Amino acid sequence: MKSSIKRIGALLVCAVITTCLFTVSAANPLGGDINGDNAVNNKDLTRFFQYLSDWNVSVNTAVLDVNNDGKVNNKDLTRLFQYLSGWDVEVFPETICNHAVSEWVTTQEATTESPGQRQLICKRCGKALETEVIPVITMSKYEELEAGMLRLINEARAEEDLAPLTFDSARHPATDKRVQEITEVFSHTRPNGQAYYTALTELGLSYGYTCGENIAYFGYYDMNSDTTEGYTRLHNNFMNSESHKSNILNSSFTSVSLSFLISGGRLYVVQMFFG
């Protein structure tokens, strides 16, 4: 009986405190704000547990019935725990989302020409809490040369109604190896006397069902030279040679790896095609 009286007395005290100290919460109560500090977090979970354990603590009485079943008991404590743990449950009164569960979502991918964007989105209400700019993707000179030549290759294939080639990044180490080798011996035969495609198998890579290689270089080129001129000039040289052009326009090929190297005042390129 004393315990019940003490609890009722505590509730009366809390009601007075809520009226005096938490007038904003009383007028527009925030669901789950047990301690009345206008925030919903683990402090409220602790305060609720203390209250249900008959501790002499102050609570925001307007929000004790967390699950809105007309009772105040351990079920309300469980519901608050679930809410704070990110479960898809509501707390009463659900007037303001506490944005306790959120994640970063990329809303616009960055490219080499324009920045992207990502936002911290509340998983409960969907509100964007923060926004960050994703910087423009910067490319090295070699990456710019590769991207530019790939674009020209696919433009040439499109003119012949051929499917575009994807950039074969998995086999890129092999063309990196080959472009170094052609600065020593400019040939489809490697400096060790083996065929070009053994650069793939040597690295544990497959050349697929069919494989082809184009190689080229031109002089008077360094890191300060124009990138567009570099890949355009080499591409045009390939297209003006029937044997090299046939690789570029081969309908059996589905991917290509490209590697450039500036060495000795020359710009070298290796194209490897795969089907």
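The values are calculated or read from the model by the stated rules, or taken from the named source; none is laboratory data. Just so it is clear, the structure is predicted and the values come from calculations on it, not from any experiment. Please note: Cβ atoms are built from the backbone with ideal geometry, for glycine as well, and neighbour counts cover all protein chains shown. Ligands, DNA and RNA are stripped out before the accessible areas are found, and what is left, the full protein with its side chains, is counted by its heavy atoms. Shrake-Rupley method; radii C 1.70, N 1.55, O 1.52, S 1.80 Å.
If a residue has to be among the polar types (S, T, N, Q) and modelled with pLDDT of 75 or more to count, how many in the range 90-100 make the cut?
Going through the range 90-100, the residues among the polar types (S, T, N, Q) turn out to be 95, 98.
After this cut, where a residue has to be modelled with pLDDT of 75 or more as well, the list is none.
Summing the residues that are among the polar types (S, T, N, Q) and modelled with pLDDT of 75 or more in the range 90-100 gives 0.
None of ASN237, ASN214, ASN192 is open to solvent by 30 Å² or more (accessible area, probe 1.4 Å), not small (Gly, Ala, Ser) and not in a helix (DSSP H, G or I) except ASN192. The residue list ALA170, ALA163 contains one member that is closer than 15 Å to ILE248 by Cα, open to solvent by 40 Å² or more (accessible area, probe 1.4 Å) and touching a residue at least 12 places away in the same chain (Cβ under 8 Å), which is ALA163.
Okay, residues lined up against (1) open to solvent by 70 Å² or more (accessible area, probe 1.4 Å); (2) at pLDDT below 80; (3) small (Gly, Ala, Ser):
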position: LEU84; (1), (2), (3): no, no, no
position: SER102; (1), (2), (3): no, no, yes
position: GLY116; (1), (2), (3): no, no, yes
position: LEU129; (1), (2), (3): no, no, no
position: GLU144; (1), (2), (3): yes, no, no
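Entry remark, the range 165-184: residues being among the hydrophobic types (A, V, I, L, M, F, W, C) and part of a helix (DSSP H, G or I) number 3 in total.
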